[in-house]
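The values are calculated or read from the model by the stated rules, or taken from the named source; none is laboratory data. Everything numeric here is computed off the predicted structure, so don't read it as measured data. A quick note on method: Cβ atoms are made from the backbone with ideal geometry, for glycine too, and the neighbour counts reach across all protein chains shown. Only protein heavy atoms, including side chains, enter the accessible area calculation; ligands, DNA and RNA are left aside. Shrake-Rupley method; radii C 1.70, N 1.55, O 1.52, S 1.80 Å.
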Amino acid sequence: MAGESVMDFSSVMFRHKVPAPKWYNPFKKQRGAGIAALDLTLQSGQIVGLVGTNGAGKTTLLRMMSGVLPIESGNVSTKGTIISDQELRKRVGFMPEHVRWSGQETVEQTLVEFALLRGCSKDSALEILGIIGLKNRASSALDSLSQGMRQRLSLGIALLGTPDVLVLDEPFNGMDPVAIDAFKRLLQSLARKGIAIVISSHHLFELDQLIDTLALLHRGQLVAHGTTTSIQERLGFEQLTEVCLDSELPSKLMKNLEVLEQSTTDAAHHMILQSVPDNLLKNIVDSGIGVITWREIQPSLIELLCAATGLDRQSIGMDVENSAWLPMRKIQEEEE
Amino acid sequence: MTASTRMWKLVMIVFRRRVLSTRMLIMLPILFLFIPGMAWGFSDPNIQLPADQIPETAAETMFLASIGIVFAGTMAAVLLAHDGISRDRQSGVLELRLSQPMPRWRQSMILVIGNWASIAAPVTILLLISMWLVGYRSDMWISAGDSVVFVLAAWFVLLWYTVFALLASSLAKEQGSAIAFSIGLWFLFTLLWVLFTTLIAALNGVAVGESKDAAYSVFEGRLDLLSPNGVYHHLLETRLDNVNRGVSATGAFLAALAWTLLPLLWFTRRIKQLVP
């Protein structure tokens, strides 16, 4: 569960330099897409899911958060104190999206090398081997590792030096379902130890089950951040309830119900209801009708993303931003 | 463990990786053929050189044999270091390295020293073998002072080419461009520089082709300060008698210092601003 604030990103900004060749200067560059004045607070033990369309700026943001890309304006602070780039890199463990580990070096040698870069001991590097489940492959060459093992090694490197924040870019890529499950449990145990985790993934189903809060990114701007429920409310999602009964409701109970969808089979009567009255379930049970299913329907991450960006479901995965950077207004501002 | 100790440990990791690499195994026989091989050839008592040149001292023989360093040593330095950054960039490891808290200037020094040491070590051994070979064959033994300058000069020229190759590797987005850039630079300074020097001399009205012409010799000597191989030869010439190409020993060492510091500063700055 989320605890105290461990890191505050305040109005941080970065814009990529994109080629803009001219006849007098073929190497000329201009500022292109990037991250615009973004505010984000990370709390200890919190798992933040970063979701956005292709080209929304997820990787750029994660690289900024881990000190790989410079923060051009704005600042990063911990407990009210602004920290330098080097201090940021010390406090953040980063797992990039694609690391194709190769070569004859062993897993252990690689971890020890990064432990030296990070300033932690060889023993702590060897401890990490156990945490990421690669103890038995410590002396295996990088060339012999499977994709899942390579991802674990990248995670191990991110964990070196016990960082306050763990930044993971598409960690589930190339993993089988068993490995994903183990990986998720590992992340949850790390969060319980107080590490704040920021995770970007296109595996929305996996993300949905893992995260405490959601950050929706679009065109380099954070369009929504908070718990799924708070974002639903802010985006105007109504609470929907799926009800499955063994027979139809009597008309007196149907009164004042907003039924969005209903269907009847021989064995069950199925309905999707909006704004369910508090005493409805009790009244149904009292009237002797059997309740087969009663559950609240949460909008999926895709639906939230569609609502936040204004894009439809079909184009949500296809909308690749071009270098023309068009800042959007924040939702809160639009509401005012 | 201090930051410096960690840095040197990382240098040793890069050094081991390069020295034990397959490409080093391929280059070692070439280096052996070029460095001690040249020394063996030039120390032959019956050698026939153009313009009836006969090396009269061990330093002169080693100077002639330095062509092995110019051709094979520098090429090996380029081939060893050309993917020092581009390989990591392509595999995604660079992103991980750049996200580590070790200051980037230290990371750049690790790359430079590690890559340079991996070529400097075998070349130094081969150079020492060459000096022994010259003494053994011609019975002219090189002095301690000369041997120190010859080794130092070789270290300098290898360092310059290592930094060029790493710079190319940091500028290139993929390995093809990195190697093309590095080899192109090697080609320019090793093979095309003579043409460039001759062309500039001719445009300035200097008697080109007159090898005994003092004006041409001075002109060429000064222009050589703009080439790493030229500076390398100027450093070696500080140990030779009867050579006057218009550049003093101090001038040669200052040029060597400039060729060392300027690319190093550029490379460190480049690593500081590097994005994956």
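Quick check: from the Cα gyration tensor, does the stretch A:1-134 come out rounded (a/c under 1.5), prolate or oblate?
Details: a/c = 2.08, a/b = 1.31, b/c = 1.59.
Oblate, because a/c is 1.5 or more while a/b does not exceed b/c.
Aspartates and glutamates near A:LYS252 by alpha-carbon distance under 14 Å, same-chain residues fewer than 8 away left out - which ones?
A:ASP286
Cross-link candidates for A:LYS17: which lysines have Cα within less than 20 Å, leaving aside residues fewer than 8 places away along the same chain?
A:LYS28, A:LYS29, A:LYS58, B:LYS173, B:LYS272
Can you list the HN-Hα couplings for the stretch A:101-108, worked out from phi with the Karplus curve (6.51, -1.76, 1.60; θ = phi - 60°), rounded to whole Hz and with x for Gly and Pro?
These are the phi-based 3J(HN,Hα) values: 5, 8, x, 8, 5, 8, 4, 5 Hz.
Could you give the semi-axes, largest first, of the ellipsoid that matches the stretch A:240-297, computed as the square roots of 5 times the alpha carbon gyration tensor eigenvalues and rounded to whole Å? Walk me through the intermediate numbers first.
Values: eigenvalues 43, 38, 24 Å².
Semi-axes (√(5λ), whole Å): 15, 14, 11.
If a paramagnetic tag sat 7 Å from the Cα of B:LEU152 along the Cα-Cβ line, which residues of the stretch B:225-258 would have the backbone N under 13 Å from that point?
Inside the label zone: B:235-239, B:249-257.
Quick one: P(r) of the protein assembly as shown from all Cα-Cα pairs, 10 Å bins, percents rounded to integers, in order of increasing distance.
Taking all Cα pairs of the protein assembly as shown, the binned fractions are 3, 13, 20, 18, 15, 11, 8, 5, 3, 2, 1, 0, 0 percent.
Taking K and R as +1 and D and E as -1, what net charge do the other residues with C-beta under 10 Å from the C-beta of A:SER200 add up to?
-2
Please give the net charge around B:VAL134, taking every other residue with its beta carbon less than 13 angstrom from that of B:VAL134, where Lys and Arg add +1 and Asp and Glu add -1. If you can, show how the numbers build up before the last one.
On the way: positive: B:ARG137; negative: B:ASP44, B:GLU56, B:GLU60, B:ASP139, B:ASP146.
Around B:VAL134, the charge tally is -4.
Size of the dipole of the stretch A:240-297 about the Cα centre, Lys and Arg at +1 and Asp and Glu at -1 on the beta carbon, nothing else charged, in debye to 20? Present the calculation step by step, with values, prior to reporting the outcome.
On the way: 4 positive and 9 negative charges, 36 e Å.
Result for the stretch A:240-297 is approximately 180 debye, rounded to the nearest 20.
Can you give the relative contact order of chain B as a percent, counting alpha carbon pairs under 8 Å and 6+ residues apart? Present the calculation step by step, with values, prior to reporting the outcome.
On the way: 332 pairs, mean separation 66.2, N = 276.
About 24 percent, as a whole number.
Can you run phi through the Karplus equation (6.51, -1.76, 1.60; θ = phi - 60°) for the stretch B:19-24 and list ³J(HN,Hα) in whole Hz, with x for Gly and Pro?
Those phi angles translate into 5, 8, 6, 4, 5, 5 Hz.
With the full set of protein chains in place, find how many percent of the accessible area of the stretch A:104-144 is carbon and sulfur; take the probe as 1.4 Å.
On the way: 860 of 1900 Å².
Roughly 45 percent of what the probe reaches on the stretch A:104-144 is carbon or sulfur.
Rounded, prolate or oblate: pick one for chain A, where a ≥ b ≥ c are the square roots of the eigenvalues of its C-alpha gyration tensor, a/c under 1.5 means rounded, and failing that, prolate if a/b is larger than b/c, else oblate.
Details: a/c = 2.23, a/b = 1.55, b/c = 1.44.
Note, shape of chain A comes out prolate.
Going by the alpha-carbon gyration tensor, a ≥ b ≥ c the square roots of its eigenvalues, is the stretch A:104-144 rounded (a/c under 1.5) or, if a/c is not under 1.5, prolate (a/b greater than b/c) versus oblate?
Values: a/c = 2.78, a/b = 1.33, b/c = 2.09.
The shape class here is oblate.
In the full protein assembly as shown, how much of B:PHE219 is accessible to a 1.4 Å probe, in Å² to the nearest 10?
50 Å²
Among B:VAL70, B:GLN53, B:VAL247, flag the residue with its Cα farthest along the positive direction of the charge dipole of chain B, charges on Cβ as +1 for Lys/Arg and -1 for Asp/Glu.
So the residue we want is B:VAL70.
Using a 1.4 angstrom probe and counting only protein chains, how large is the accessible area of A:THR41 in Å², to 10?
Answer for A:THR41: close to 60 Å² accessible.
Can you tell which of A:ILE35, A:TYR24, A:SER11 lies farthest toward the positive end of the dipole of the stretch A:1-46, using +1 and -1 charges on the Cβ of basic and acidic side chains (Lys, Arg; Asp, Glu)?
A:TYR24
Using the Karplus curve 6.51 cos²θ - 1.76 cosθ + 1.60 with θ = phi - 60°, what ³J(HN,Hα) values do you get for each residue of the stretch A:69-83, in whole Hz, with x for Gly and Pro?
9, x, 8, 6, 8, x, 8, 10, 9, 10, 6, x, 9, 6, 10
Quick check: pseudo-label points 7 Å beyond the Cα along Cα→Cβ at A:ASP278 and B:LEU254, how many nm apart are they?
It works out to 9.1 nm between the two label points.
Please list the non-local residues whose amide H lies under 5 Å from the amide H of A:PHE94, H modeled 1.01 Å from N, same-chain partners needing a gap of 5 or more.
A:VAL167
Rank these by accessible area, largest first, 1.4 Å probe: A:THR265, B:THR5, A:THR228. Present the calculation step by step, with values, prior to reporting the outcome.
Details: A:THR265 90, B:THR5 60, A:THR228 30 Å².
Output order, biggest surface exposure first: A:THR265, B:THR5, A:THR228.
Work out the FRET efficiency for B:ARG16 and A:ALA138 from their Cβ-Cβ distance, taking R0 = 22 Å, and round it to the nearest 0.05.
Values: r = 18 Å, r/R0 = 0.83.
Here the calculated transfer efficiency is 0.75.
Would you grab the residues whose amide H sits under 5 Å from the one on A:ILE47? Only those 5+ places off in sequence or on another chain, please, with H modelled 1.01 Å from N.
Close amide H contacts, sequence-distant or interchain: A:ILE197, A:ASP212, A:THR213.
Would you tally the net charge around B:ALA172, using a Cβ to Cβ cut-off of less than 10 Å, leaving B:ALA172 out, and scoring K and R as +1, D and E as -1? Walk me through the intermediate numbers first.
Details: positive: B:ARG89, B:LYS173; negative: B:ASP83, B:GLU174.
Residues close to B:ALA172 contribute a combined charge of 0.
With a 1.4 Å probe and all protein chains kept in place, how much accessible area does A:THR241 have, in Å² rounded to the nearest 10?
Taking all protein chains as shown, A:THR241 has close to 10 Å².
Which aspartates and glutamates have a Cα lying under 12 Å from the Cα of A:LYS255, excluding residues fewer than 8 positions away in the same chain?
none
Taking 2.2 N^0.38 Å as the expected size of a compact globular protein, what ratio does the Cα radius of gyration of chain B give against it, to two decimals? Mind dumping the intermediate values first?
Details: Rg = 19.8 Å, N = 276, 2.2 N^0.38 = 18.6 Å.
Dividing the Cα Rg of chain B by 2.2 N^0.38 Å gives 1.06.
Out of residues 5 or more away from A:ALA33 or on other chains, whose amide H comes under 5 Å of its own, with H placed 1.01 Å from N in the peptide plane?
Amide H to amide H, under 5 Å and 5 or more residues apart or across chains, A:ALA33 pairs with A:HIS16.
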